[in-house]
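To start, the structure under review is shown below, and the notes come after it.
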Amino acid sequence: MPLGDHDGAVCAGDFQPARHHSRFVQEVIRKERITLIGEMANSFLHDFRSPVTSVQLALGAITKRSDDEATRQACDTISRQLRRMSSMVEDVLQYARGNSNLDRRPVALRRAVRRPALA
């Protein structure tokens, strides 16, 4: 049945279902994109763990074999930052699984603010 009355004139109300359908389709597409981004991030984060673990193992070997204090300190700094990155990755993965919990504990804010970024 054609839209409009017998003269072929179209009423604005004739397009309401089409507009509603368009919003529905856009919302489905948006949700699918979000799901896809989440799946990609999850995959990336899982793949990210392997090289981090390899670097941590190599740092351990360098630290054990090195007598140079500067090298040991550099390895310790790198290792600390890798643990921090791994912790962030784990937090995101836990959140993605729906298992996220806030780690509520007192923090010495003055000390945290003064601490260098690479410490």
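Bear in mind these aren't lab numbers, they're just calculated from the coordinates by the rules spelled out. Predicted, not measured: the structure shown is a model, and the values here were computed from it. FYI the Cβ positions are ideal-geometry reconstructions off the backbone, even for glycines, and counts take in every protein chain you see.
Among the residues of the range 48-70, those identified as loosely packed, with under 12 Cβ neighbours inside 10 Å and basic (Lys, Arg) are 64, 65. Within the range 64-71, is there a residue that is assigned to a helix (DSSP H, G or I) and touching a helix residue (DSSP H, G or I) at 6+ places or on another chain (Cβ under 8 Å)? Scanning the range 64-71 turns up at least one residue that is assigned to a helix (DSSP H, G or I) and touching a helix residue (DSSP H, G or I) at 6+ places or on another chain (Cβ under 8 Å). Among the conditions (1) exposed (fewer than 10 other Cβ atoms within 10 Å of the Cβ); (2) over 20 Å from the mean Cα position of the chain (by Cα), the only one that residue 98 does not satisfy is (2).
For every residue, the table says whether it meets (1) assigned to a loop (DSSP other than H, G, I, E, B); (2) over 30 Å from residue 34 (Cα atoms); (3) touching a residue at least 12 places away in the same chain (Cβ under 8 Å); (4) charged (D, E, K, R).
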site	(1), (2), (3), (4)
45	no, no, yes, no
48	no, no, yes, no
54	no, yes, no, no
75	no, yes, yes, no
79	no, yes, yes, no
96	no, no, yes, no
112	no, yes, no, no
